[in-house]
Amino acid sequence: MDILGKLFGDNGRVKILRLFLLNPDLVFSNKDVSKRSGVGEAITEKEVVLLEKIDFLEKKEIITDKKESGKKEKNFGWQLNPDFSYLKELEDLLFSVEFLTKEDLVKKIRSTGRIKLIIVSGIFINNNESRADLLIVGDGINKKVLDKTLKKMELEIGKELYYGIFDSDDFKYRISVYDKFIRDVLDFPHKIIFDKRGE
């Protein structure tokens, strides 16, 4: 990410670009962009205006219900422009660099408990068809800490992560009964980045 930040002049811009590239059908307000990318609101406002000027983003109307009056309120947001001239080239560049190194990913997750197995799929191997991005097996996992860790990762990546967390016994049982979720991960493209089950 640091390399891209230097290339693009700012890591915030990289995060915002990734957010729109990974969520092409969604319309985001400035507040949404800031929250989902972890970039400050002032920087977000400047970046989306710049990205609209080069036709990477399109301005879209957002209609919301006002809770107090029940009336409709019109605002505007931003959506990826599918006709942006360099869309494919930008995707290739931004997704050719790892979101997190394998070592960083393992280190972050291992700090949450006695981790036995980490499998990556989906966003981590550039496969949009995957049912999950992460499968984590371990014992004594602090779910609150893990949830916080994964939320931070989502800000780096620009997309909500889909994951499964299992303790060792539950994982063994699910394997034995051919659990659909587990099979959907293991029978399709994935990478085992950490495995200490034999220890």
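The values are calculated or read from the model by the stated rules, or taken from the named source; none is laboratory data. This one's a predicted model, so the numbers in the text were calculated from it and none came from an experiment. Here the Cβ is made from the backbone with ideal geometry for all residues, glycine too, and neighbour counts use every protein chain on show.
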Assuming VAL106 fulfils every condition listed in (1) without any contact (Cβ under 8 Å) to a residue 24 or more places away in the chain; (2) aliphatic (A, V, I, L, M); (3) surrounded by fewer than 19 Cβ atoms within 10 Å (Cβ to Cβ) apart from one, which condition is it? (1)
Mind listing whichever residues of the range 21-42 are in contact with a Ser or Thr (Cβ under 8 Å, 6 or more places away or on another chain) and either under 16 Å from ASN81 (Cα atoms) or modelled with pLDDT of 90 or more (or both)? ASN30, VAL33, SER34, GLY40, GLU41
Go through the range 111-159 and report how many residues are farther than 26 Å from ASN11 by Cβ and of a type in the set (A, V, I, L, M). 8
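Quick one: count up the residues across the range 174-199 that are aromatic (Phe, Trp, Tyr) and either in contact with a helix residue (DSSP H, G or I) (Cβ under 9 Å, 6 or more places away or on another chain) or at pLDDT 95 or above (or both).
Pass one, the range 174-199, residues aromatic (Phe, Trp, Tyr): 178, 181, 188, 194.
Among the residues that remain, those that are also either in contact with a helix residue (DSSP H, G or I) (Cβ under 9 Å, 6 or more places away or on another chain) or at pLDDT 95 or above (or both) are: 181, 194.
So the count comes out to 2.
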Restricted to the range 7-30, and to residues that are of a type outside the set (A, V, I, L, M), over 14 Å from LEU155 (Cα atoms) and in a helix (DSSP H, G or I), which residue is farthest from the chain's Cα centre (by Cα)? PHE8
Report, by residue number, each residue of the range 33-50 that is surrounded by 17 or more Cβ atoms within 10 Å (Cβ to Cβ) and closer than 13 Å to GLY77 by Cβ. VAL33, SER34, ARG36, THR44, VAL48
Note on PRO82: of the conditions (1) part of a strand (DSSP E or B); (2) at pLDDT 75 or above; (3) assigned by TED's automatic domain parsing to the domain that holds ASN23, unmet is (1)
